[in-house]
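The values are calculated or read from the model by the stated rules, or taken from the named source; none is laboratory data. Keep in mind that this is a model prediction, so the values were computed, not measured. Because the Cβ atoms are built from the backbone with ideal geometry, glycine has one as well, and the counts that use them run over all protein chains shown.
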Amino acid sequence: MAPIEGTFPSDRWFSELVVRANADRPAMERLGIAELRFAAEIVDDDGCAQLFGIVLDGYDIESLGEVADADFVPEVVVSGPIDAWREMVASIEANGRADSAHTLNSLTIAGVPFVVRANDAMGHDKFFRYMGTLQAIFDAAGTPAVVATAR
């Protein structure tokens, strides 16, 4: 499968990402149910941010595209510079899934380059609880796109 068409980040890119993740329903079901309002915040070199919403509801995954924080009310936001996001996506595209240096876990664990923000402890906990599902969704950008359920 070819890399996702459309520029990263964009509504089209996130929509196709979720379509690819949903295409391997059995793999997503093996990861278990998830309930989370997740936002990826991509900050450009000028400090302007775009927020993209993804909703996990049981086994269903939905991309809401670009959202306003106040309207979407995410439980957790992963925020980072656009160059780090692009490097993560490039790693996934090149390797079929994120290598160990480009997983959501490795990019957030020290708070650099990505920061995890939540309004409460439950939102923060849910990010790490559902990290496998979130990583599988982003790994669906791989070439070939395969939802990986084991590392």
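Anything in the stretch 127-147 that is hydroxyl-bearing (Ser, Thr, Tyr) and modelled with pLDDT of 95 or more? List them, or say none. Lay out the reasoning, then the answer.
Taking the stretch 127-147 as the starting set, the residues that turn out to be hydroxyl-bearing (Ser, Thr, Tyr) are 130, 133, 143.
Passing the criteria: 130, 133.
One residue stands out among those in the stretch 67-86 that are surrounded by fewer than 16 Cβ atoms within 10 Å (Cβ to Cβ) and charged (D, E, K, R): the one that is farthest from residue 34 (Cα to Cα), which is 83. Within the stretch 50-63, being under 14 Å from residue 11 (Cα atoms) and in contact (Cβ under 8 Å) with a residue 24 or more places away in the chain holds for 50, 51, 52, 54, 62, 63.
Could you tell me whether any residue of the stretch 103-111 is β-branched (Val, Ile, Thr), over 17 Å from residue 16 (Cβ atoms) and modelled with pLDDT of 95 or more?
yes
When the stretch 95-114 is filtered for residues that are without any contact (Cβ under 8 Å) to a residue 40 or more places away in the chain and in a helix (DSSP H, G or I), the ones remaining, listed by number, are 100, 101, 102, 104, 105, 106, 107, 108. Residues satisfying the criterion are absent from the stretch 31-48 (criterion: at negative phi, among the basic types (Lys, Arg) and surrounded by fewer than 19 Cβ atoms within 10 Å (Cβ to Cβ)). If the condition is being surrounded by fewer than 21 Cβ atoms within 10 Å (Cβ to Cβ), outside any strand (DSSP E or B) and in contact with a Gly (Cβ under 8 Å, 6 or more places away or on another chain), then the stretch 115-144 contributes 143, 144. Given the structure, is residue 24 acidic (Asp, Glu) and buried (at least 16 other Cβ atoms within 10 Å of the Cβ)? Yes; evaluated as a whole, the condition is true for this residue. Residues 91, 100, 106, 63: which one is loosely packed, with under 13 Cβ neighbours inside 10 Å and of a type in the set (Ser, Thr, Tyr)? Result: 100 is the single residue among 91, 100, 106, 63 that is loosely packed, with under 13 Cβ neighbours inside 10 Å and of a type in the set (Ser, Thr, Tyr). Among the criteria (1) within 21 Å of residue 12 (Cα to Cα); (2) modelled with pLDDT of 95 or more, the one residue 69 does not fulfil is (2).
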